[in-house]
Amino acid sequence: MKKLLFSITCAFYWIAPAFAQDPLEQKVNLVLKNATLEEALYQLSGQAGITLSFSNDILPKKNITLRLRRYRLSEALNILLRDTPLRYRAINSSIVALYKIDTPKTPAILRFTLSGFLEDAQSGEPLIGANVYVEGSQRGAITNEYGFFSLTLPAGEADIQFSYTGYESQNQRIALQSNQQLNIALKGLVALPEVVVVANDSSEKARRLAWSDEILSIAEVQTLPALGGESDLIRTTHLLPGVQTGTDGVGGIHVRGGNPGQNLILIDGVPVYNISHAAGVFSIFNTSAVRSARLVKGGFPARYGGMLSSVLDVRTKEGNKKHLAGAAEVGALSGRLSLEGPIEKDKSSFFISGRWSFLDWYIRPISEQQKRARREQGSNGYNFYDLNAKLNFTLSDADRIYLSYYQGSDEYDNYGRRSDRLTLQTQDGESEDYLFDQSYSEGLDWGNKVAALRWNHVFSSRLFANTTLTYSNLSVGVNYAASDSLRIASNNQVLFRSFDFGRYRSGIEDVGAKIDFDLIPSTRHYFRFGMGVTRHQFRPGVLFYNDSASGIPDSAETTGNTAIDATEYAFYLEDEYNISNRFMLNAGLRIAGFSVRNRNYHSAEPRLSVYWQALSKLSFKSSFSFSKQYLHLLSNSDIGLPTDLWAPATARVKPQSAWQTELGFDYVPNQHINLSVEGYYKKMENLLSFSEGAFFLNDWERNVTVGEGLSYGLEALLNWRYGKTKGWISYSLSWTDRQFEKVNLGQRYPFKFDRRHDLKIVLTHRLNSWCELSADWVYSSGFAYSLPLLQYRIEIPGVIPPPPVEVLDYGSKNKYRMPYYHRLDIGVNFYYRTGKLEHTANVGVYNLYDRRNPLYYSLRTKYINENNDLRPVKEFVQVWLIPILPSVNYSIKF
């Protein structure tokens, strides 16, 4: 083998070694166009003033086009020898040798990790899902739920881009000679609606792995038309494909044929068990306190578990670490106030936000007037409030502590009294006055309390941990009382008195602990693993009551269900694996268990999502997931009242389970349009429902029936953005049914929310810097319901004389359909600034063309004259909820 040893010695070789410079630190320039590696090395040797020693035989064939100006020799060699088996090292102050890594002296490839946190430059809030991307490569990372990222790269220089939707991108050249921690603060864009943000390939692929995953922009939520001017996170989810709800939001959210009790709703990682105000017209989420929200409908990662249908992961604001800030907002239905600021600048902060309703101001005077017209004294009213608070402390670069708290409550009351004077003739012909007194009162209150204490710790540049202590409580109470009395007016002698009262209580309380790890060993693997345990206490309904005809009793009887304690635990492991630039997968396994009343359940829940970039504009994704749920939500109404019961799996009642698979594609023809189409199939087993005719307080375990459900369909979501106009169109085609042994004679029937077609159109347009228009239109198939077909009388055997009993025959369950639901909402937002104050005024109209969408049909009796005889006739009367409703809202920030 012919070996050519090329040497060039610099002209200043006579300088004393004491003044010699490290040859790898010499500055060089390179201009190469389709040159070979040999030609590049010759050009380097000619200008660097040192000797490059190498053998032509070890040089791979490689064509290089490159331009470098004033790079260190080590940087230039790193670039030239990238993806080759060649390495270099300085022999002395003037000679650099090249060799193949398969020689005995081959050193290991040096790789270092760049890690840190991304945050908002104005407030210090962490940026969730921000992109960290190496320019000119396919390498990148995405920040986790706490703004942390980790990216392992070869030693040397790299150009890194940090970006986040709605923020100015930041580019930095990083020289990796060791593991480095770097915290980046990004500045928000002022004219967001006019900016088009194009994500890089790495971040897009990572997001598409969770295809049935929607990131909800809080800024966008606040610009959309709102009921009564009340921007609402849950109402925005209603505009997404695969999400169903009842008329005007009543009844909660139903995702891909699931029940409201199958949704895992998290506030800062803690489950919350009731998310509704006013039976679902409003939600508990105060958008002034929400930092980010993520809805997952399928392809569930292994880190999520415990529920079957969806995950809504809501993160609240951390608090401004830079300066004091606040906001105030007032609308027709509620008011909000928020305050945040540093406790110690850049080290710790606080955040507090409250919302309270004005509904009682309208309801109470109107109800008083209506009761006076019926000669009653009394009123009814309704109020709700929400409180969010958080403290966070940065103890060091590796340790952060957060304490968050949420509390919300609803209160409804209705009371009244009336007195009537009756005059009767006595046997001796004299008149006698009697006083008939009636009074009643009823109240309903329910509320959530949620708390979390979190500790973030960075063990190393590649290992991140979050430890959390959690608390969650849902408490429901119902009170009622009624009394009647009859007395003689002249001497106040009581002839008759009755009193009836009761108190109903139910709820669920959780105390838990969990630890979650993020391990990022390389750019190809992202491991997540962790474990957790939760202690549940179920209070599935207790009623204290008394019914007396002899006065107010001293004691009450008790019926209902006893409290149940249970323990739930889980361990999970998942890996997001970049197999190649076009192929990725997320594989995971969740091991869960449940212990209740000396009965133990356990399950292994596999999860798999696969992504394939078939073409530059076309990608495909498929997923499979299996889940078990150890909690059941038993509903005794169709509108999602808080009196619905949370109950555990027991020895008699098995946990419910579901497996779901999806297949779809994503087409991005240009930077303005994105089309996603996805088909899904979901099978649910061991679903629980009250048996037909069961009373929910009479031992719920003996009054339930077990069944199954099936849901499948096709969903499409078209997003677009052209200049100042943006929006989306979502469409769902779906089928959903149920089958229970003791419902509908055991026959399969359509689920109430089996709505065949569901179309939603959302549009916003920025007219100028101070005015923005928005509109949404919803058109859905009517939900399924039952109507009585026949009425007949039966006699009860063994009773003499047999009293007739009126019976209604409803026929097959959910055989009929409500009319199509449709509604148009519009809104206009005005923005202006005075000094340091930012003002926003919103004017909107809900249900613009006053569509009377039915909530339900009521069967009522009216009397008609038939041949001079009064005859009762049954008729169905449509009950609707919200007509056309204008609103005005004003907010101010500082």
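PHE112 exposes around 40 Å² of accessible area when a 1.4 Å probe is run over every protein chain in place.
Under the simplified labelling scheme, the VAL706-LEU663 pair shows an inter-label distance of 3.2 nm, with each label point 7 Å from Cα along Cα→Cβ. Annotation: amide H-H contacts under 5 Å for ILE184 (H modelled 1.01 Å from N, sequence separation of 5 or more, or interchain): PHE117, LEU118, GLU119. Backbone phi angles across region 592-601, fed through the Karplus curve with coefficients 6.51, -1.76 and 1.60 (θ = phi - 60°), yield HN-Hα couplings of 10, x, 8, 10, 8, 6, 6, 10, 10, 10 Hz in residue order; Gly and Pro are listed as x. Shape summary of region 112-191, radius of gyration then Dmax from alpha carbon positions: 12.1, 39 Å.
Relative to the current alpha-carbon distance between ASP57 and SER431, full extension at 0.36 nm per residue lengthens the span by 121.7 nm. Calculated FRET efficiency, LEU453 to ALA651, Cβ-Cβ distance, R0 = 41 Å: about 0.75 to the nearest 0.05. Straight-line cross-link reach from LYS617 at under 13 Å between alpha-carbon atoms covers these aspartates and glutamates, not counting any fewer than eight positions away in the same chain: ASP201, GLU204, ASP666. Only lysines eight or more places from LYS683 in sequence, or on another chain, were considered; those with a Cα closer than 21 Å are LYS297, LYS621, LYS628, LYS654, LYS742, LYS752, LYS813. Note on LYS836: aspartates and glutamates with a C-alpha under 18 Å away, same-chain residues under 8 apart excluded, are GLU329, GLU340.
Placing a pseudo-label 7 Å from each Cα along the Cα-to-Cβ vector at TYR831 and GLU875 gives an inter-label distance of 5.3 nm.
Largest accessible area first, the listed residues LEU182, LEU717 line up as LEU182, LEU717 when surface is computed with a 1.4 Å probe on the assembled protein chains.
To the nearest 0.05, how large is the calculated FRET efficiency for ASP159 and LEU239 if R₀ is 60 Å and r is the Cβ-Cβ distance? My answer for the efficiency is 0.95. Of the listed residues ASP346, ASP397, the order by accessible area with a 1.4 Å probe, largest first, is ASP397, ASP346.
With 28 Å as the limit on Cα-Cα distance, the pairs of LYS345/LYS726; LYS724/LYS760; LYS187/LYS345; LYS449/LYS760; LYS317/LYS514 that go past it are LYS345/LYS726; LYS449/LYS760. Extension gain for the segment TYR471 to ILE64, taken as residue separation times 0.36 nm less the Cα-Cα distance, is 140.5 nm to one decimal.
For region 594-694, the set of GluC sites (Glu not before Pro) satisfying both a DSSP loop assignment and a count of at most 16 other C-beta atoms within 10 Å is given as GLU692.
Computed from the Cβ-Cβ distance with R0 of 51 Å, the FRET efficiency linking PHE393 to SER490 stands at 0.10.
Once both labels are modelled 7 Å past Cα along the beta-carbon direction, what's the SER616-TYR857 spacing in nm? Placing both labels 7 Å beyond Cα along the Cβ direction yields 5.8 nm. In order along region 273-283, the Karplus-derived 3J(HN,Hα) couplings, from 6.51 cos²θ - 1.76 cosθ + 1.60 at θ = phi - 60°, round to 9, 9, 10, 10, 10, 6, 6, x, 4, 10, 10 Hz, and Gly and Pro are given as x.
The values are calculated or read from the model by the stated rules, or taken from the named source; none is laboratory data. What you see is a predicted model, and the numbers here were worked out from it, not measured in a lab. Methodologically, a virtual Cβ is constructed for each residue, glycine included, from the backbone with ideal geometry; neighbour enumeration extends over all protein chains shown. Just the protein is used for accessible areas: all its heavy atoms, side chains included, with ligands, DNA and RNA removed. Shrake-Rupley method; radii C 1.70, N 1.55, O 1.52, S 1.80 Å.
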